[in-house]
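Have a look at the structure below before the remarks.
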Amino acid sequence: MSFFAHSTAVLDEGCSIGAGTSIWHFCHIMPGAVIGEKCSLGQNVFVANKVSLGNNVKVQNNVSLYEGVVCEDDVFIGPSAVFTNVINPRSGVSRKNEYQSTVLRKGVTIGANATIICGVEIGRYAFIGAGAVVTKNVPAYAVVTGNPARQQGWMSEQGHTLQFDAEGNAVCKATGEKYQLQNNEVKKIS
């Protein structure tokens, strides 16, 4: 076995788990789930059918990833974060054919206890603050907090606040990497 799964974890036949991944106590991975390499799933994580996790994804304790969630590489999901897959659930109404996808692009961070409403895309390296309720798309490198989540600023790939000058240029204080802001979009300059 090229991955680690705690003896209490349930791995349904048909799931795919990459090399170097660790799956901890009381996790449940359903048959159609795809988990990349070097991922870490903390205690009590549920991964449904048709969920896809890229490489190096960290999912902290008590997170349920329902059908339709897609995480690219290097995503961090904090403890007890919540994801949905139906906008208008009702116990007496089957809406399995109405599931909506939620896409977390490379490097996204989801803070503890944040709620991500289905049907949104969270851009590369965006940072969702603890307890935020995300109801709409979030641009790359944006920092959002609150309920509903509102943008508070911008953050570098290393997790440092970006302060843009009048020309729309900023530098990460940790790495010296340069970023540019144009038309409310941030791009890292090579």
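Rule-based calculations on the coordinates, nothing more; no lab input. Please read these numbers as outputs of a predicted model, since none were measured by experiment. Because the Cβ atoms are built from the backbone with ideal geometry, glycine has one as well, and the counts that use them run over all protein chains shown.
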For this session: Considering only the stretch 103-190, give the strands (runs of 3 or more DSSP E) lying wholly within it that have at least 3 residues that are over 18 Å from F76 (Cβ atoms).
Result: 150-154, 169-171, 178-182, 185-189
For this session: Among residues belonging to the stretch 1-32 that are outside any strand (DSSP E or B) and among the small types (G, A, S), point out the one that is nearest to V51 (Cα to Cα).
Result: G32
Exercise. If A5 satisfies every condition in (1) at positive phi; (2) crowded, with 17+ Cβ neighbours inside 10 Å; (3) over 15 Å from the mean Cα position of the chain (by Cα) but one, which is the exception?
Worked result: (1)
Exercise. In the stretch 42-55, which residues are farther than 21 Å from N97 by Cβ, out of contact with any His (no Cβ under 9 Å at 6 or more places or on another chain) and surrounded by fewer than 20 Cβ atoms within 10 Å (Cβ to Cβ)?
Worked result: N55
For this session: Would you mention how many residues in the stretch 137-157 are under 14 Å from the mean Cα position of the chain (by Cα) and surrounded by fewer than 18 Cβ atoms within 10 Å (Cβ to Cβ)?
Result: 2
For this session: Working carefully through the options C71, C39, find the one that is of a type outside the set (A, V, I, L, M), farther than 18 Å from Q100 by Cα and crowded, with 18+ Cβ neighbours inside 10 Å.
Result: C39
